[in-house]
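The values are calculated or read from the model by the stated rules, or taken from the named source; none is laboratory data. In this text, all values refer to a predicted model and were calculated from it rather than measured experimentally. With ideal geometry, Cβ positions are generated from the backbone for all residues, glycine too; neighbour counts draw on all protein chains shown. We work out accessible area using only protein heavy atoms, side chains counted, and drop any ligands, DNA or RNA first. Shrake-Rupley method; radii C 1.70, N 1.55, O 1.52, S 1.80 Å.
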Amino acid sequence: MSRFRFEEIVRSGGEELYDIRSRVPGPRGALPITADMLLHRPSGDLFGLTQDAGMGWDPARLGGTEVLILSTHGGIRAPDGTPIALGYHTGHWEVSLLMQAAAEELKSAGAVPFAGYCTDPCDGRTQGTTGMFDSLPYRNDAAIVFRRLIRSLPTRRAVIGVATCDKGLPAMMMALAGSRDLPCVLVPGGVTLLADDGEDAGRVQSIGARFAHGQMTLEEAAEAGCRACATPGGGCQFLGTAATSQVIGEALGMSLTHSALAPSGHPIWTDMARRSARAALELESRGMRMSDILTDAAVHNAMVTHAAFGGSTNLILHVPAIAYAAGLRRPTAADWRDVNHRVPRLVDALPNGPRNFPTVQVFLAGGVPEAMLHLRRAGLLKLDALTVSGETLGRMLDWWEASERRARLRQLLKDRDGIDPDEVIMGPETAARRGLTSTVCFPSGNLAPDGSVIKSTSIDPSVVDADGVYRRRGPAKVFTTEPAVIAAVKDGSIRPGDVIVLMCRGPMGAGMEETYQITAALKHLDFGKHVAVVTDARFSGVSTGACVGHVSPEALAGGPISKVRDGDTIEIIVDRNRLEGNVNLVGPGGTVEEGTALLTGRDPRPDLHADPALPDDTRLWAALQDASGGAWGGCIYDVDRIIELLEAGRRATAT
């Protein structure tokens, strides 16, 4: 049915449409140029000043320090905050307010702010859809766009990056890390709040599965879905990939102390943007560059803090990519394993438990610097690492420990929410008494000879044996697409004791899609904790349970997972204390050796295939990152290695 008649599309409005001029007086004043500039500066620098005046900047103030502000802003907001056009997600809906606050601070200091944008998608919005095939590849593309924007303003003297969520924030960190000779400051976009009477944004993503199993009514699902994102800005309320990335940015020294996880839209949030603008100008005046801040010591501190928080496994992909962009050594699985052996989890945050405090309460309890105080006492941090404050981490922790800000916010959490901040962020002894275990484990075995990963700290304690070991032996239910898994979960085909084996969802098959639709359903269904998942895909940062991801090699690369059949017996063993694990196919006699022999004698399944909807853009990403070290190398583009392989291929085909 037609919405508009042809005449309504081609017919224009009133007489004002035809009041058009071909000349106007133009900006008044004169550019602050000198004879030396005319003789020696590129024409682009001079024409840039002309453009600046044309956009309305006072020509007399064009001599100030130029600072570029980049962000992932999306949507169109009216001045009162109501939507004219929606963004993709709350995480980028309000970040323009952070940009504005930073820009106003820069302008008041006599600097000249510029602003650019590259918006980002929402992994929650694309769960279970073909949009997920672009999720991880987007990170690399956006980092390239941000770097191109930085280089395309040759007169900028500093860069401020504003971002919030799962892929936009890592992309921004990669771009700033790659701007090694510039002073840069990262401004995290903060978090949204919980509804007074509603579900969090992680749990609400399971309403379809819970409705299918009769655990909620249609009306309850509709109300829960409406209320979960209680405020219009910020990342989700749980310690998923977005929140973990904010934590990592601060731990790297890229953002100001106690900036991660601030409540979006609050004065304390915009204050952080203003102070970040001052920090950028101070770094520029001191001649401090990103390469002074992003060092091997900074990467060490980030990995230690990740372990202390119980962060998303996706940062195992992102931290190496940030390190590579900074020209540093990429941490390996062995490095992560070593850190997690030495660093206990100290933060009780949603979804890891046991009490599941939302991220805003983690912020009020002290956030990153509070956890770092405990890590410092344990001798686990490199305190000489510099931060964007211009000072060392050690000095910033000294400031934090004695600050009014710390005392007042922790007291506010007690007074307003009735929560002891030491219940949220605690020392190692208290954490051990409350059952908090180290964050990640890297199982190997005959199904994952090149490794895999599981957030072992988030396995439901009720299915872990008294010795701290999770043991599951059960029949494989094999799938090659995520929708098929969800259909099986909803129709009752998946039963307690089953092991879901999902293959062909790694980089080559589906862009290494995120499979939170599955893990969310299992977490919030009554029987879900008794079901395990093994996949060559990855998981959302909010995923929990016995979910083994990043299985390598992936099915389409000939990995043993490609040979698993329905009914095969899969054994998963994860020692949450020793951080050791195995994922194996076992034979009829119950031994791993029999299972290995079975796999050796089998061909890959005949139904293996890349998803028919996989875009060519993602196929290209998969090939380039595979040539550059693959998922364990951060899914980056190692240009020298790619060129080397292309030249080798060219020579081989020429003979």
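Charge dipole of the stretch 569-632 (Cα centre as origin; +1 on each Lys and Arg Cβ, -1 on each Asp and Glu Cβ, all else neutral): 120 debye, rounded to the nearest 20. Only one residue of 48, 126, 2 has its Cα farthest out toward the positive end of the dipole of the stretch 1-146, where Lys and Arg carry +1 and Asp and Glu -1 on Cβ, and that residue is 2.
List the trypsin sites (Lys or Arg not before Pro) within the stretch 526-594 that fall in a DSSP loop (any state other than H, G, I, E or B) and whose Cβ has at most 11 other Cβ atoms within 10 Å.
Values: sites: 529, 538, 563, 565, 576, 578; in loops: 565, 576, 578.
Sites meeting the loop and neighbour criteria: none at all.
Element breakdown for the stretch 573-627 at a 1.4 angstrom probe: carbon and sulfur atoms account for 52% of the accessible area.
For the listed residue pairs 523/563; 490/563; 167/563; 414/529; 167/529, the alpha carbons are over 30 angstrom apart in 167/563; 414/529. The modelled label-to-label distance for the pair residue 404/residue 129, using points 7 Å beyond Cα in the direction of Cβ, is 4.7 nm. Applying 1/(1 + (r/R0)^6) with R0 = 51 Å to the Cβ-Cβ distance of residue 378 and residue 603 gives a FRET efficiency near 0.50. Charge dipole (Cα centre; +1 on Lys/Arg Cβ, -1 on Asp/Glu Cβ; no other charges) of the chain amounts to roughly 760 debye.
So what is the 222 nm mean residue ellipticity for the chain from helices alone, if each DSSP H run of at least 4 adds -39500 (n - 2.57) and you divide by all residues, rounding to the nearest 500 deg cm²/dmol? If you can, show how the numbers build up before the last one.
On the way: 28 runs with 271 residues, N = 655.
Result for the chain: -12000 deg cm²/dmol, rounded to the nearest 500.
Helix 43-54 and the long axis of the chain differ in direction by around 80°, with both axes built from C-alpha atoms. Excluding same-chain neighbours fewer than eight residues apart, the aspartates and glutamates reachable from residue 107 by a Cα-Cα span under 18 Å are 52, 58, 66, 271, 282, 284. In terms of its C-alpha gyration tensor, the stretch 462-608 has a rounded overall shape, because the principal axis ratio a/c (a ≥ b ≥ c, square roots of the eigenvalues) stays below 1.5. Taking label points 7 Å from Cα along the Cα-to-Cβ direction, residue 227 and residue 623 give a separation of 5.1 nm. With R₀ fixed at 51 Å, the C-beta to C-beta distance from residue 1 to residue 654 puts the FRET efficiency at about 0.30. Here the dipole of the stretch 507-629 is about 280 debye; that uses its Cα centre as origin and unit charges on the Cβ of Lys and Arg (positive) and Asp and Glu (negative). Taking the centroid of alpha carbons for each part, the stretch 1-50 and the stretch 375-414 are 49 Å apart.
Between residue 60 and residue 38, take the C-beta separation as r, use R0 = 25 Å, and let me know the FRET efficiency to the nearest 0.05. The partial results should precede the final answer.
On the way: r = 18 Å, r/R0 = 0.73.
Here the calculated transfer efficiency is 0.85.
Distance between the modelled labels on residue 104 and residue 646, one decimal in nanometres: 4.7 nm (7 Å Cα→Cβ projection). Here the extension length gained between residue 578 and residue 15 equals 194.9 nm, from 0.36 nm per residue of separation less the Cα-Cα distance.
With Cβ to Cβ distances under 12 Å as the rule, what net charge do the other residues near residue 446 carry (K, R +1; D, E -1)? My count for the surroundings of residue 446 gives -3. Of the residues 462, 64, 624, the one whose Cα sits farthest towards the positive end of the charge dipole of the chain is 64 (charges of +1 on Lys and Arg Cβ, -1 on Asp and Glu Cβ, taken about the Cα centre).
At 0.36 nm per residue, and after removing the present C-alpha to C-alpha distance, how many nm does the segment from residue 268 to residue 31 gain when stretched out fully? Don't skip to the end; give the middle numbers.
Working: separation 237, 0.36 × 237 = 85.32 nm, distance 3.78 nm.
Extra length from residue 268 to residue 31 when fully extended: 81.5 nm.
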